[in-house]
Amino acid sequence: MNKVSTSIFLIFIVIVGWIVYLTNIKQDDSLTMKYYSVQELINKKSDISNIKLGGNIKPNSIEISEDDQLEAFFYVYQNQDSVKVYYYGIRPDLFTDDAEVVVSGSYSNNLITAKELQTKCASRYEGDLKNVEKI
Amino acid sequence: MISQIGSIAISLAGGLIFSSFIFLCLYKLRNDKTYLDISERSILSTCYCIFLAFFCLLNELLISNFNLQYVAQYTSYETPTFYKVTALWAGQAGSLLFWSFITSLFTVIYIFETLKKMENLKFNSYLILTFIFSFFIILSSFIANPFEPVSSDIVVQNGNGLNPLLQNFFMAIHPPILYVGFTGCTIIFVMAMAASISKNVSFDWVRSIRRWSLIVWTFLSAGIILGGYWAYNELGWGGYWAWDPVENSSLMPWLTLTAFIHSSMIQEKRGMLKKWNILLATSTYLLVVLGTFITRSGVISSVHSFTAENLGPLFFTFLSVLILYTVFWFLRRKTYLETDDKIDSFTSREGGFLYNNLILILMCFTIMWGTLFPILSEAWDGEKIYVGQSYFNQLNVPIGLVLLFLMGIGPLLSWKSTSYKVLRKNFLIPMSTSFLVGSLYFIFSVKYNFYVLVAIMGVSFTLSSILGEYYKSLKKFRKRNSNIIIATYKMFMSNRHQNGGYLVHIGIVLLFIGFIGRAFESEKEFSLSPGEQIYFNNYIFKLNSIKSEARDNHYAFMSDIDVIDDKNKLLTNLKPEKRIYFYWNSDPEKRQPHSELDIYSTIQKDVYSIFSAYDAEKNLGYFKIMINPLVNWVWIGGILMVVGSLFAFWPNRIRR
C-alpha cells in the first residue's frame, strides 16, 4: 500500500468508528437523556438519576418559599397525571400557571429535583388577536 | 386597496411561474430558443411580482392596516417604525414572502450576471428555479398568505405588537442577513445542478460559483454571529450558542459551504474533485431546506420554532423531491464528473484541504445526527430522547480543535507535494511558538484544563503560521518598496483572494480565543435588599436602590448596583431591569415579564448582570451575576471573518 492509500484507509477507519460511536449515544448518560412521561414516572418504583420531563405547570400549584424566593415547588401535569418538582434558582420569565415547561434533573420519592428549568420561549408571537371588538 | 394589489401580485407570480414551466416544456419539445427567452421573461416577471407583493406588505405594516391578520398579529400603533419594517420577517407568512423576495433578488442577479456568460446553464437553471419558486408561491398563496384579512365579524382596534424580545437592533437585522445567506444557497444549488446536468462543470463555472459561495458564506457567517450577539445581549442566559436545533440548522449549511469554498479551490487549480464539489454545493442547499423543515414543522422542539401553520409535510415533500432529483442526476452524471488527476500526496496543499473538508463534514454530520436523533429514536423504538448541549460540546470540541490546527497547517504545505525539508522549515516557528505558549499555560495556569491547553497551542500555532505567511509575502514586496505601509498595502491588494482567506482564518482563531473563555466562566445567584452587598469573584456587588416607573409599553423595576474591585475602586455601575410588558392587561397571562440585562464589557471579561425577580413586600431583589471571560473576542473574530470574506470576494485589481 502506498502512502496515499494508507491515509485513505486510516480516514475510512476513523469515519466508520465515529459513525458506530454516534449510533450508540443513547447508552451514554452524559450525552443524552430520556424524556419521561408523567405516567411512566408514577409507575416507576426505582429512583432515576438523569431525566427530562415536559409538561405544563399545574394551575395554583406553585409554592415559593417565604424565606428564599429562589426556592420553589410546583406540579407538572400531562393529561390527568401530575408530578411534584422542586427547583432552586432563578426561574424563567415565563414561569406561570399552565406555562409549558421542560425540567431536567433526578427523580426520587415521587419528587423531581430539577437542575434545569426551561419555559417555552415566546420568541414568536403566534397568539390570538388581543384588542378586538365583535361586530 | 394596496393589500389587494399585494394579493393579486402573488397570484400573478403563480400564473407566471406556471407559464415559465410551459415554455420550458415547449423549448424542450420544439428546440426553439424563443421559448427559452419567454421562459426567462416569465421568471423575471415572477420576481417583479414578488417585489411588488413585498412592498405592498411593507406598506400595510407601516400604515398599521389591522384589517390584515399578519399586520394585526405582529405590530401595533405603539410599535416603532423601524420594528414595523422588521415585522416583515417576524412571523411565518411574512418571512416566507421575505424569503421569496430575496430569492427573487438573487435570481435577477443570476440571470443578468451569471447566465449571460453561461448560456448553456439556462434551461436547467430555469427549470429548477421554476420548481423552487412554485413551491414558495404555493405556500404564500394558500398556506401562509400575509394578505389574509382578519375575520369579518371583528374589528381590530390595535394590533398585538412585536414581541419585546425581538425589539432589538441586532435581532432586527439577524434574520434578514441569515435569510440572504440561506436563499443565496438556492443559486449555488441551481448552478451546481444545472452545470452537472448540462455537463458544463467548467473552469469558468467553478470561478463563478466560488464567487457566489463567498458572498453567501459572508451573509451566513454574519447572520450566525449576529444571532449569537442578540442571544447574549437579550435573552439573559449568559451564552451565545445553545446548540438549539434551529441554530444547528444554520450551522450545518455553513459547514458544508465552508468545505465547498476550500475544495472548489482544488478544482480551480487542478481540475480535481468535481464530484465532491457538486455534492457539497447541492447538499448545502438541501441542508438549508432541512433546516427550514425543522424550524417550520415543529417536529423538533426548539425555542425558535414557528408553529402556527404546520408546514412540515409540505417542506418534507419539497425536500424529498429535491433529494431525489439531486441523487438521480448525480448518479447519471457520475462518469462525467470523474477526474483522472489524483492526489499525489497527503502532505500537500490539496491534501490539507481534503482533511479540512473531511473534518468539516464530520462536524456537520455529528451536529445533524444530534439534531435529528430525537425524532430518529422515537421513530425507531418509540423512545423519546433528549440530546443536550453536552453531546454537541463533548463531540464537537475535539473536532473543532483539529480544524483549528489544520487552518495553520494548510498554508505551510505546497501544492502537489511538500518535501520533508520544506515541511521542517515551515513548521519550525509555528510548532515552537505553540509549544512555548502551551508550556507557559501549563506552568502558570491556576485552573488547568486539557482542552484549553490544546486550544491555546492551536491558536498560537495557527496564528504564527498565518502571520508567518504574511511576513514572507511582505518581505518580497519590501524589496521593491522601502515604505512599509505601501508595501503592506500592495501585499494585501496583490492577492485579495488568499489574503482575505487568511483574514477569515485569523477571525476564526479569535473566535476560538473567545471559546476558550467559556472554560473559565463563573456565576452566582443571590438576593439583596437596597444597601446590602455581596462578594463574588474578587468583586463587591452593592445594591444601591430599586426604583420603579411606568413607561410607554412596559412597567420597569430598575436596580442600581455598584461593582467594586479588589482594590476597593468603583469599577462600574450596573442597572439591570425587570420589565413587565402589557402590564395594563387585566389577564396576568397576557403580561410578559422580561429581564433587561446590563453588561460591563471589556476585552478580558464581561460582568453580566440579570435582575431576575423583585419581592415588593420585602423590598428584595433577586439577581444573577456571571463573569464571562474573553467573550468580546467572539464578536471581534466574527467581524474579521466577514471583513476578510468580503475582501476575498472583491476582484483583484493590482497584479504583481
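The values are calculated or read from the model by the stated rules, or taken from the named source; none is laboratory data. Values in this document were obtained by computation on a predicted structure and should not be read as measured data. For neighbour counting, all protein chains shown are included, and Cβ atoms are generated from backbone atoms with ideal geometry for every residue, glycine included. When the accessible area is computed, the model is the full protein with side chains, heavy atoms only, and any ligands, DNA or RNA have been set aside. Shrake-Rupley method; radii C 1.70, N 1.55, O 1.52, S 1.80 Å.
The set of residues from segment B:409-454 being over 34 Å from the mean Cα position of the chain (by Cα), outside any helix (DSSP H, G or I) and farther than 25 Å from residue B:498 by Cα comprises B:445, B:446. Scan segment B:373-387 and tell me whether some residue there is under 30 Å from residue A:102 (Cα atoms) and touching a residue at least 24 places away in the same chain (Cβ under 8 Å). Yes, the conditions are met somewhere in segment B:373-387.
The single residue among B:16, B:12, B:58, B:26 that is under 30 Å from residue B:582 (Cβ atoms), in a helix (DSSP H, G or I) and without any contact (Cβ under 8 Å) to a residue 40 or more places away in the chain turns out to be B:58.
Selection of segment A:46-74 for residues being within 26 Å of residue B:618 (Cα to Cα) and among the hydroxyl-bearing types (Ser, Thr, Tyr) yields A:61, A:65. All but one of (1) more than 30 Å from residue B:591 (Cβ to Cβ); (2) within 11 Å of chain B (Cβ to nearest Cβ); (3) open to solvent by 30 Å² or more (accessible area, probe 1.4 Å) hold for residue A:32, so report the exception by its number. With respect to (1) more than 30 Å from residue B:591 (Cβ to Cβ); (2) within 11 Å of chain B (Cβ to nearest Cβ); (3) open to solvent by 30 Å² or more (accessible area, probe 1.4 Å), residue A:32 is out only on (3).
Could you tell me whether segment B:302-314 includes any residue that is among the charged types (D, E, K, R), crowded, with 19+ Cβ neighbours inside 10 Å, at pLDDT below 95 and not assigned by TED's automatic domain parsing to the domain that holds residue B:143? I'd like the intermediate steps shown before the answer.
Filtering segment B:302-314 for residues among the charged types (D, E, K, R) gives B:309.
The next check asks that each one be crowded, with 19+ Cβ neighbours inside 10 Å; those that pass are none.
No, the conditions are met nowhere in segment B:302-314.
Applying the selection to segment B:530-545, what residues are in a loop (DSSP other than H, G, I, E, B) and surrounded by fewer than 13 Cβ atoms within 10 Å (Cβ to Cβ)? Within segment B:530-545, B:531, B:538 qualify. Selection within segment B:137-165: residues that are surrounded by fewer than 23 Cβ atoms within 10 Å (Cβ to Cβ) and hydrophobic (A, V, I, L, M, F, W, C). The member of this set that is modelled with the lowest pLDDT is B:165.
Being within 29 Å of residue A:60 (Cβ to Cβ), at pLDDT 90 or above and either under 31 Å from the mean Cα position of the chain (by Cα) or surrounded by fewer than 18 Cβ atoms within 10 Å (Cβ to Cβ) (or both): is that true of residue B:548 here? Spelling it out, residue B:548 is indeed within 29 Å of residue A:60 (Cβ to Cβ), at pLDDT 90 or above and either under 31 Å from the mean Cα position of the chain (by Cα) or surrounded by fewer than 18 Cβ atoms within 10 Å (Cβ to Cβ) (or both). From the list B:417, B:473, B:445, B:432, the one residue that fits, being modelled with pLDDT of 95 or more and either within 23 Å of residue B:350 (Cα to Cα) or more than 14 Å from chain A (Cβ to nearest Cβ) (or both), is B:432.
Yes/no matrix, rows are residues, columns are (1) assigned to a helix (DSSP H, G or I); (2) over 26 Å from residue B:274 (Cα atoms); (3) assigned by TED's automatic domain parsing to the domain that holds residue B:72:
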{"position": "B:179", "(1), (2), (3)": "yes, yes, no"}
{"position": "B:188", "(1), (2), (3)": "yes, no, no"}
{"position": "B:194", "(1), (2), (3)": "yes, no, no"}
{"position": "B:201", "(1), (2), (3)": "no, no, no"}
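In segment B:386-403, the residue that is most open to solvent (accessible area, probe 1.4 Å) out of those that are closer than 16 Å to residue A:21 by Cβ and at the interface with another protein chain (Cβ under 7 Å from one of its Cβ atoms) is B:394.
Residue by residue, here is whether (1) assigned to a loop (DSSP other than H, G, I, E, B); (2) open to solvent by 10 Å² or more (accessible area, probe 1.4 Å); (3) touching a residue at least 60 places away in the same chain (Cβ under 8 Å) holds:
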{"site": "B:35", "(1), (2), (3)": "no, yes, no"}
{"site": "B:39", "(1), (2), (3)": "no, no, yes"}
{"site": "B:43", "(1), (2), (3)": "no, no, yes"}
{"site": "B:47", "(1), (2), (3)": "no, no, yes"}
{"site": "B:72", "(1), (2), (3)": "no, no, yes"}
{"site": "B:83", "(1), (2), (3)": "no, yes, yes"}
{"site": "B:94", "(1), (2), (3)": "no, no, no"}
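The residues on offer are B:208, B:196, B:213, and the sole one that is open to solvent by 10 Å² or more (accessible area, probe 1.4 Å), closer than 30 Å to residue B:338 by Cα and out of contact with any Asp or Glu (no Cβ under 7 Å at 6 or more places or on another chain) is B:208.
The number of residues in segment B:168-188 that are surrounded by 20 or more Cβ atoms within 10 Å (Cβ to Cβ) and modelled with pLDDT under 90 comes to 4. Quick one: in segment B:116-167, of everything that is in a loop (DSSP other than H, G, I, E, B) and free of Cβ contacts under 8 Å to residues at least 24 places away in the same chain, which residue is nearest to residue B:31 (Cα to Cα)? By that ranking, first place goes to B:116.
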